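Working notes, structure below.
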Amino acid sequence: MADEIVDAILDGDAVFLKANDHEFLTIYTEAEEARGTAVILHGRGFHPDWQDAINPLRVGLVESGWNTLSVQMPVLEKQAKYYDYIPLFPEAISRIEAAIAYARENLKGRVVLIAHSCGAHMAMAWADTESFETIDAYVGIGMGATDYKQPMKQPFPLDRIKVPVLDVYAENDYPAVIKMAPERLRLIEKAANNKSAQVVVAGAEHYYIDKGDALTQVIDQWLQSL
C-alpha cells in the first residue's frame, strides 16, 4: 500500500521512519517560513494522504506556515472494529514517538500533534505512557468514535494534558462523539490551560467529506492564537 500512496503524492515527499525496527511511511511537506511542524495521524482504515480530512490538512496548513508530517498509522482490514485496533496501540505509540522525535531533531519551531478519529484514540494511548511535554499543542478531531457495543476501555486523559488542547468535532458527527463533548470539555477545563478550546465544524460529518478546507481553517485559526 505504501508504494501506491507514494506514487499518488502530489504535494510533499515520502519520508520513511523506523519504530521497533519496522519502517513506516510519512509524508513531509515543507512550509516556506515555518512556524513549526504539525504531526498528523489519520483515522481507522485510511492513510497519510487520505483525501477527505488528511490531505486538506497536510497541504492547507503548509500554506499557513506549518510544515506537516503525516504519518501512516497501523491499519487492519476494512471490516475491523474499534476493539480490533486496541492491540495495535503499542505499535502506534512507537510511530508517534518516532515522528515527534524526527520533527524535534530535524525541523525548527514548535511541534503540534493533530489526530483524527482512531488516530485520536492512538494519541490518547500515547498520552497514558508518554509526557505531552514533548509537544507544544494537541488537536483531537472526532474524539471518542467507537463501534456498536464497544465502549471506550478508559476515559481520555485530557485532564492531565497541560499543553493547549483543541477538541474539534463535526456538527453531524457520530452520536458518541457528540454525546461525550461536554465531558471532554470538562476534562480539558480541569487541565486549566486558558488557550484550550472546543469547536464544532458546522455542516460537517465525522469524515469531513467536502469539509476538509473548513476543518483546516478552524485548526489554523486556533494555532494562530497560540
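Read the figures in this text as sums done on the coordinates, not as results from a lab. Since we're looking at a predicted model, the values are computed, not measured. Neighbour counts are summed over all protein chains in view; Cβ atoms, including those assigned to glycine, are modelled from backbone coordinates with ideal geometry.
Among the residues of segment 49-77, those that are under 20 Å from residue 218 (Cα atoms) and either β-branched (Val, Ile, Thr) or touching a His at 6+ places or on another chain (Cβ under 6 Å) (or both) comprise 50, 53, 54, 59, 62, 68. Of the residues making up segment 26-46, those that are over 11 Å from the mean Cα position of the chain (by Cα), under 26 Å from residue 84 (Cβ atoms) and surrounded by 22 or more Cβ atoms within 10 Å (Cβ to Cβ) number 3. If you go through segment 23-44 and keep only what is of a type outside the set (Val, Ile, Thr), touching an Asp or Glu at 6+ places or on another chain (Cβ under 9 Å) and free of Cβ contacts under 8 Å to residues at least 60 places away in the same chain, you end up with 28, 30, 31.
Which ones in segment 18-50 are polar (S, T, N, Q) and in contact with a strand residue (DSSP E or B) (Cβ under 8 Å, 6 or more places away or on another chain)? Give the derivation first.
Taking segment 18-50 and keeping what is polar (S, T, N, Q), we get 20, 26, 29, 37.
Result: 26, 29, 37.
Selection over segment 83-112 of residues that are under 25 Å from residue 153 (Cα atoms), surrounded by fewer than 20 Cβ atoms within 10 Å (Cβ to Cβ) and in contact (Cβ under 8 Å) with a residue 60 or more places away in the chain gives a count of 5.
Just give me the residues in segment 28-48 being under 22 Å from residue 118 (Cα atoms) and out of contact with any His (no Cβ under 9 Å at 6 or more places or on another chain), in sequence order. Reasoning before the result, please.
Taking segment 28-48 and keeping what is under 22 Å from residue 118 (Cα atoms), we get 28, 37-48.
Matches in segment 28-48: 28, 37, 38, 39, 45, 47.
With the structure loaded, tell me whether residue 66 is within 16 Å of residue 36 (Cα to Cα), out of contact with any Cys (no Cβ under 7 Å at 6 or more places or on another chain) and either buried (at least 18 other Cβ atoms within 10 Å of the Cβ) or charged (D, E, K, R) (or both) or whether it fails that test.
Details: within 16 Å of residue 36 (Cα to Cα): yes; out of contact with any Cys (no Cβ under 7 Å at 6 or more places or on another chain): yes; either buried (at least 18 other Cβ atoms within 10 Å of the Cβ) or charged (D, E, K, R) (or both): yes.
So residue 66 passes the test.
Pairing each residue of segment 135-151 that is over 14 Å from residue 165 (Cβ atoms) with any residue that is polar (S, T, N, Q), provided the two are 6+ apart or on different chains, yields C-beta distances under 7 Å for 142/117; 145/117.
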